[in-house]
Amino acid sequence: IFSDVYNGTMTFLPLEENSEGKYMVKKCNIYQIQLAHIKDEEWSVAIVAPFPEDWFSDGIAYPKLAWLGNELLSKLAKWSVEQKPSEFKSTLSLISVAKYSKVYQDLKEKYKDMVKVWPEVTDPEKFVYEDVAIATYLLILWEEERKEKGLTKKQSFVDLGCGNGLLVHILNNEGHSGRGIDVRRRKIWDMYGPETHLEESPITPGDSHLFPDTDWLIGNHSDELTPWIPVMAARSSYSCCYFVLPCCFFDFHGKYSRRQSKKTQYREYLDFVAQVGFVCGFHVEEDCLRIPSTKRVSLTGRKRTYPPTEWALIDKQITQYINNRQTCAVVTYDRRVGFHQKDHSDSVCKEAGLELPENDTETAGTIWMPGFHPREKVEQIRNCASLPRDFVDDVVLKVANLLLNATPQKACSSMRDENSHTWNQGESLSLKEVAEHLNRETLKRLKSEYGGLQTLLKNNHQVFEVLNGRVHIRDWRKEKPSRKPKPEVKRRLSAEAFKTRLCWFFIHHPDGCSLPSESCPYAHGTEELRQSQSIKKKKHI
């Protein structure tokens, strides 16, 4: 990277190592960021690539040119002028940034092939590089802990709610003994091999899920387990630490309910999880990770605020705090003040609004909260795809008629014949207006699905177009063919799906279909219907 501050340019020259071990400049991927003063307080920022026609992108080491121009450029301009004070800590405040950058690049290179063989439906680039970044952070944090404590043996860990298991795989590969536990096995688990230790099992917070021989508990987007992880670490052993990266908002007993309107929901939830850590006797440290996610604030409990002799009191206040949360009798926690940590037992309880009965010395028993429900092993499909076909058809017809009969009507000239015949495109309505015309039972049934009415309408894209919260009837004459050539697989799918379903407009629209039969991808009558061919996907692992 060449920095020319005087001329306001940063030039990036990608280097590639050849077979002889020499580094060569990859000329086709050179790019430059330019800052220029126009007049007064007006500036411009630009990204220049001298050889755009030869630009190479592998989606791993080299970004797409469109991303540089459309995404990065707008963010550079935004970051340059915004003066919004951050409510979070600066990025990577607990570790060495230089060391992080070095280790991250090494691990990214080492595990980049995972992107190519990712068998899950989730975005491989996001999940692979996010887990590489989290692993990098933990490896450096643990290395510094070993130096501080004079340890030689690498820390052990348990990742609770490990999901795809990639974080466990990387940490195991880098020499840390540990395992991941999740209620549902993922397809990618089979790819890691026997050196990666993953278990399919539900996790219910209680005496059966304590880890006395484990150094660290990890909660990476662990959802309903997130507030329990500091509790499990505290009760596992005095030396057990934890790291959580909160994402979805859960309390001990279910979804988290907001209590303050002056904070963002995310900030309030982070304060709650931090408060749990303090009640459990941890000195809680907050940090911001470098990951491709909006939820990137981590909370770490590395040190205790009490001596081992006070464990009984801490355990008692944990039990009382959980019980108080269940009855919503708890005060909020201010992240700037925290708890006074010199009188560790009584003062923490008083500030958290806890009354400790003198004779209440036992924990809540084998299961710490009988009402706790771990997530289901089988993930429910709630994207309207499982709704009965006749129900979906009925809603589609009602909404279409609503748009067609709304006034004033949009009449578009038809290209089907030479007469002045017009095709009724109907009116557009907001999702709220559409919902107001559906009966309560229909709305209740749709509400049980993720996305509800909007998802159902988007699923029926043959009939509807949903733009900026408004519903339109789709006019297929306006559909522009993509300039980009489709991949071979998508071309085959389109060809094999042609005329395998009936045209909704041909059957239901008062003016019929806006396209002639030969141009419409759907069948104009049963005589045009083709038999659907099932396409088997090959997996290259």
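The values are calculated or read from the model by the stated rules, or taken from the named source; none is laboratory data. All values reported here derive from a predicted model rather than from experimental measurement. Every residue, glycine among them, receives a Cβ derived from its backbone with ideal geometry; neighbour counts consider all protein chains shown. For the accessible areas, the whole protein counts, side chains as well, though only heavy atoms, and no ligand, DNA or RNA atoms are used. Shrake-Rupley method; radii C 1.70, N 1.55, O 1.52, S 1.80 Å.
Table for the structure above
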{"read-out": "Under the Debye formula (equal points on every Cα, no solvent term), log10 I(q)/I(0) of the stretch 2-81 at q = 0.11, 0.12, 0.21 Å⁻¹", "value": "-0.36, -0.42, -1.05"}
{"read-out": "Stretch gain in nm, segment F391-N173, where the contour uses 0.36 nm per residue and the Cα spacing is subtracted", "value": "73.4 nm"}
{"read-out": "Extension gain, K99 back to D213 (0.36 nm per residue minus Cα-Cα distance, nm)", "value": "38.1 nm"}
{"read-out": "Residues with amide H under 5 Å from that of C241, placed H, sequence gap 5 or more", "value": "W216, L217"}
{"read-out": "Extension gain (nm, one decimal) between S293 and R184, 0.36 nm per residue minus Cα-Cα", "value": "36.9 nm"}
{"read-out": "Fraction of accessible area attributable to carbon and sulfur, the stretch 2-81 (%, probe 1.4 Å)", "value": "58"}
{"read-out": "Share of carbon and sulfur in the accessible heavy-atom surface of the stretch 128-269 [1.4 Å probe, %]", "value": "49"}
{"read-out": "Electrostatic dipole magnitude of the stretch 2-81 [Cβ: Lys, Arg +1; Asp, Glu -1; Cα centre; debye, to 20]", "value": "80"}
{"read-out": "About the Cα centre, charge dipole magnitude for the stretch 249-314 (Lys/Arg +1, Asp/Glu -1 at Cβ), debye", "value": "300"}
{"read-out": "Residue order for R440, R146 - accessible surface, 1.4 angstrom probe, largest first", "value": "R440, R146"}
{"read-out": "Whole-number accessible area per residue in Å² for the stretch 156-288, which is evaluated in the context of all protein chains at 1.4 Å", "value": "32"}
{"read-out": "Over 18 Å between alpha carbons, listed pairs K89/K295; K108/K153; K126/K295; K64/K112; K99/K147; K126/K154", "value": "K108/K153; K126/K154"}
{"read-out": "Heavy-atom accessible area order for F249, F282, F127, largest first, 1.4 Å probe", "value": "F127, F249, F282"}
{"read-out": "Inter-probe distance in nm under a simple model that places probes 7 Å from Cα toward Cβ, at R258 and H461", "value": "3.2"}
{"read-out": "Inter-part distance where the stretch 91-160 and the stretch 173-234 are each reduced to a Cα centre, Å", "value": "16"}
{"read-out": "Solvent-accessible area per residue, Å², over the stretch 12-132 with all protein chains present [probe radius 1.4 Å]", "value": "68"}
{"read-out": "Distance (nanometres) between label positions extended 7 Å along Cα→Cβ at I507 and N70", "value": "3.5"}
